[in-house]
Each structure stands twice: as C-alpha cells, then as structure tokens.
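Chemist: Provided herewith is a single structure, encoded as structure tokens, for subsequent inquiry.
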Amino acid sequence: MTSDETYVLAGYVAGYRWKPPAQDWTKHLPVAVVTVSECLTDFLPEDQDTLTAPWHATLQDAVNASHQASAGAGDAQVLAVSIPAAAVLDLAAMIEKWIGVYPHPILSNLTQPHSPDGTVQGFEVLGFETGRFHSWLCYDLLGEAFDKLGVRTNDHGLLDTLAQARQVADSANSSRGTPQGTPEEVTWFPALITEHDLPGS
C-alpha cells in the first residue's frame, strides 16, 4: 500500500481461510489463503440474505457473525475490504445496475468513506458478476500472473502491492470474452484486504 493512495471501505466479511487443494496450479500458494470470495470458502452467518451475502455493513456485525463459527470448522476471521478511491464510482454503478434500490452493505459504505483499522494482509483481485465477487484464483489467472507478469503471492496468498493487483486486473479485463480469457460479464478490480483481531483471540 502506498502512502499517497486513498482507499474507501467497501464492507466486511466473517469467514474462513481457503485451503487450496494439492494440485499443480496451487503449488505457489500457502496452505491457507485469505480471501473474500464465496467461490473459495464459507462465510458467516450461514443464513445471511442471499442478495447481500457475505457482506456486513459494520465491523461489529462481522464480529458478531464470527461468533457463530461451528466447532471444528477452524478459526473464523473478520476481514475488511477497501478499494482505491478511483474505483468507487465504477463498483457502485455495477452493484446498482444489478441490485437496483435494494439496500446493499457495500453501497452504504461507499457513500460514507473511511479507512478501516486492522492488519493489512495484501491485495486480492476481485471480479464482480451479478452479485458475486470471484477471486482471481477462481480462474486461470494465477498461472498467467506468475508466468507473464512475474507476480508472486505473499504468505497470505495475496499480492503485496496495488501495482501488482492492477497488473493482474488489467490483464484479466483486457482478455475478457476471449477463448483464453475470463467471461465478458466479469469486471476485475484490486481490493485491499485488512484483518481485524477478534476479542479473546
């Protein structure tokens, strides 16, 4: 994260780290990956509104949800997602086009910008499509980032700099709709992921 970059809080999630399968394409990833993508891991609560899941409007809401972790499911974590200020209007427009006037936690937060506290974990490249946020790890973007962009993940399975995340997002967006690219409907953008310490942890 650069000191001259402005970020806007989008929302919070409560859930679990993703444990990648032992396959060739995951060999460069750690054993547990920090992610906010429903495609990769489970979030809390399990009975959340399907139109707004897995997002929470406030840190306290996410902390409360984390307390619903099932025994033996592992330690739940609370993550905040922030985006560069320059991307706010585009993300808000995509969500509004999909959900209309239905109250969404991300839309609420984007209109009241503030930066979250917590420990920065890195950047995840997210792709928005009809209410879902895919991770760049959901598609064959990891191998391309390693081979063509020289990008490497950190100990959390995330990218260390906004510049790296923008490289991956720009590459994914430029190849959308092509036989080797991601679906035309998915728009990719970088997101800063911050973890919050839970009471008693």
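The values are calculated or read from the model by the stated rules, or taken from the named source; none is laboratory data. None of these values were measured; they are calculated from a predicted model. When we count neighbours, we look across all protein chains shown, and the Cβ atoms used for this are built from the backbone with ideal geometry, even at glycine. All accessible areas refer to the heavy atoms of the entire protein, side chains included, with ligands and DNA or RNA removed. Shrake-Rupley method; radii C 1.70, N 1.55, O 1.52, S 1.80 Å.
Chemist: Filter region 9-44 down to the residues that are surrounded by 17 or more Cβ atoms within 10 Å (Cβ to Cβ) and in contact with a helix residue (DSSP H, G or I) (Cβ under 6 Å, 6 or more places away or on another chain), then identify the one that is farthest from residue 189 (Cα to Cα).
Modeler: Ranking the candidates gives 44 first.
Chemist: Filter region 74-113 down to the residues that are without any contact (Cβ under 8 Å) to a residue 60 or more places away in the chain and part of a loop (DSSP other than H, G, I, E, B), then identify the one that is least open to solvent (accessible area, probe 1.4 Å).
Modeler: Taking the candidates together, the pick is 104.
Chemist: Among the residues of region 143-201, what is the count of those that are aliphatic (A, V, I, L, M) and in contact (Cβ under 8 Å) with a residue 40 or more places away in the chain?
Modeler: 11
Chemist: Can you tell me which of 132, 176 is modelled with pLDDT under 95, of a type in the set (Lys, Arg) and over 12 Å from the mean Cα position of the chain (by Cα)?
Modeler: It is 176.
Chemist: Still on this structure, please answer the following. Answer yes if at least one residue in region 106-121 is acidic (Asp, Glu) and under 27 Å from residue 21 (Cα atoms), and no otherwise.
Modeler: So far as region 106-121 goes, no, none of its residues is acidic (Asp, Glu) and under 27 Å from residue 21 (Cα atoms).
Chemist: Quick check on residue 71: is it modelled with pLDDT under 95, open to solvent by 60 Å² or more (accessible area, probe 1.4 Å), of a type outside the set (Ser, Thr, Tyr) and in a helix (DSSP H, G or I)?
Modeler: Here the answer is no, as residue 71 does not meet what is asked.
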